[in-house]
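The values are calculated or read from the model by the stated rules, or taken from the named source; none is laboratory data. Source: prediction; values computed, not measured. Backbone-built Cβ (ideal geometry, glycine too); neighbour counts: all protein chains shown.
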Amino acid sequence: MKSSKPQPGSVNEAAQPMLDHFAALNERKVAAEPEVGIFFVYNGKPLIDGTSVSEAEPYGSFKGHATGHPAFWRSLQRNGFVPQDVEYDEVPRGRIGYDTKERKFYVFADACIKKDERMMDRIERDMNLPSADTAPPKLDSHYRCTGCVKSKKEREMEEADWNF
């Protein structure tokens, strides 16, 4: 009879994408060069996709990450990191760009992320951003999750609808 337990040192095929993801994160954390990129914060965890500044794509005087939030979110869904029934624009997100003229990094983030200083510090640290050359985080109308878009009155009305 064959054992259903995996052999020591073997990797479950379903777990391989997760292992590859964490290996890539670990490589980034030891990288010496700062990165630009995009990020989500889901269930209190940052999900980051970045590119070193030297490999980033030019956008006028900015350098940025080629992948957009929708494509990155679909990749996270395919690999089982986030649920299939949650849309990318429902989740707090942001972007980091580099202004080549000012020689400064800019972090644009959803208000839900921006107000969490520890999360902002973690994202900036994971992206190897130099504090002296990084502007304070900014809000941007592109990065507003459903919680930030709705007014306080709309959220209260939604909650009241569920109180039977």
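Per the listing Ala132, Ala66, the residue uniquely without any contact (Cβ under 8 Å) to a residue 40 or more places away in the chain, among the small types (Gly, Ala, Ser), out of contact with any Cys (no Cβ under 6 Å at 6 or more places or on another chain) and in a loop (DSSP other than H, G, I, E, B) is Ala66. The set of residues in the stretch 76-92 that are of a type outside the set (D, E, K, R) and either under 16 Å from Lys45 (Cβ atoms) or in contact (Cβ under 8 Å) with a residue 12 or more places away in the chain (or both) comprises Leu76, Gln77, Asn79, Gly80, Phe81, Val82, Pro83, Val86, Tyr88, Val91, Pro92. Scanning the stretch 69-108 for residues that are basic (Lys, Arg) and in a helix (DSSP H, G or I) turns up Arg74, Arg78. Per this entry, Val82 is counted among residues that are surrounded by 16 or more Cβ atoms within 10 Å (Cβ to Cβ) and at pLDDT below 95.
For the stretch 59-77, a residue qualifies if it is out of contact with any helix residue (DSSP H, G or I) (no Cβ under 9 Å at 6 or more places or on another chain) and among the aromatic types (Phe, Trp, Tyr), and the qualifying residues are Tyr59, Phe62.
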